[in-house]
Structures are given as C-alpha cells and as structure tokens.
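To keep things clear, I will list the structure first and then write my remarks on it.
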Amino acid sequence: MAKFTLIELLVVIAIIAILASMLLPALNQARQKGYAASCQSNQKSVIQALSFYADDFRGAIPYWNNHDNASWSLFLVRNNWGFRPGAFYEIPYKTIVCPGNPRKVGAYNSSTGFYGMLHITGDGDLAAYNANKDKTGAFIHGNWGGAGNKYEYFLTGRMKVPSRIGLIYDSAMATGTSQGTGYNFVTNQKVGWANNPAVYRLHSNRANTAFADGHVSALGAEELGSLPLPMDAATVNSNFQWYK
C-alpha cells in the first residue's frame, strides 16, 4: 500500500485549513442569524405575555413596582422573590434573555441580564415623552418617585400609535464592570444613569424591538432614532469594548 509523503500530508492539511477558513465565517453568520431569530421569537412571547397581563388589568402594562423596587420582569417570570405571575402570562426566565448576548446571566435577578423595557419616567426621556404626547398619547400612569406612589404602568388604551411605540429592546449596560450585560430598562438619555443602560444593536448592527401592538422588528440606529419616542444615537451601541 502506497504511503503519503510528508509533503503530501502537509498539502492535505493546508487544503483542510483553507476550506475551514472559508466555511467558518459562513457557519458563524448562520449561527448569528439563528440567535437573531430566536431573540425575535423570545420578544414575541414577552410582548404577548404583557398583552395578556394588560387584558387582565384594564390595559395596564407593568413597568415598575417602586414599593418593592421590582422591575417589569417580576410580573412575568416565576421566581423565588415572592412574585407569582398568573398562568396566562407566566414565561420562563430564558424567554426574557437574548440567546445571542455573550454576557447573558444564567440565573434570574430583578434587574440585569435580560431585555430592557422603554424607560420614560424621569429626566431627559420624560422630556421627550412630554414633547411627543400629541403623537403617542399620554399613556404613562404613575409618577416616578412620587410621594405614596407604588406602581408605574403603561396604559395601552391611551397609546395613539402602538405600532410605533417600542416597549421591549435588546439592551445592555454601556459602561462599567457590567458592560454588555442586559438591563431591565433602556433610556434615550446620554447621561444621568449609572452604567448608561442602552439599546444594544447586537444582531448585525440592529436591535430587535417588540412594539406595543405585538409585532417585533430588527431596527438600525436610524430607525431607532426615528421612532416617536426616539433612542438617542449616543446610547445606541453596536460593539462594546469587551466584545471587539
């Protein structure tokens, strides 16, 4: 039986290496597309659960429980914090996490590791809301940090353009030691919040966004900035330092 010479073996190895270098980018691209599709499916489930919740509670979508310092996720995810969602809108923790975020958090906590909800209850983003209420409708219920205030909701019945009001976004902390980790809300502000929670354009430079009417779209920076409640370009991140 003829044996391979050393040169022939090196040639074969070189060919395999070349083929691998050609295939790996395509495989990685396919994997990223899979992550993006799974993320959209997750967000669809989240916005559907929020819709079921709103049906049960007079059109109110929970944003924050100021009394217990609890985010919107606690109204949907069964956990050991004492919150027990109803069967119609209960979803597993993995559903509120983008599968493509390399810094996703394995165990549930009340604030980090998952999708961010629209934040328009303070400072600069509240100013943007007030300036655009004629377009969007006055749909905030509650006063952030107000005396005696315990809960904040978005009222779907007061939304004039639910198909243009993004509620759930791919999100991440833009700075600090938790940079890249998902956060429970996103803001259009440039400054004023620790770690600057922001929309994260994780999927081919686009951010999956679930709208109040139930549809999910992948939006680029320009599209995010053109929403009735726009996301400032300074907080719409494509690649964080840890991810480059």
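The values are calculated or read from the model by the stated rules, or taken from the named source; none is laboratory data. Fair warning: this is a prediction, and the values are worked out from it, not measured in the lab. We place every Cβ from the backbone using ideal geometry, glycine too, and count neighbours over all the protein chains shown. Side chains included, ligands, DNA and RNA excluded: accessible areas come from the protein's heavy atoms. Shrake-Rupley method; radii C 1.70, N 1.55, O 1.52, S 1.80 Å.
General remarks:
- Among Y115, Y183, the sequence by solvent-accessible area, most first, with a 1.4 Å probe is Y183, Y115.
- For L202, the shell of other residues with beta-carbons less than 11 Å away shows a net charge of +3, using +1 for Lys and Arg and -1 for Asp and Glu.
- Cross-link pairs K94/K133; K44/K133; K44/K160 - those with Cα-Cα distance over 31 Å: K94/K133
- The H on the amide N of L76, modeled in the peptide plane, is under 5 Å from the matching H of no residue at least 5 residues off or on a different chain.
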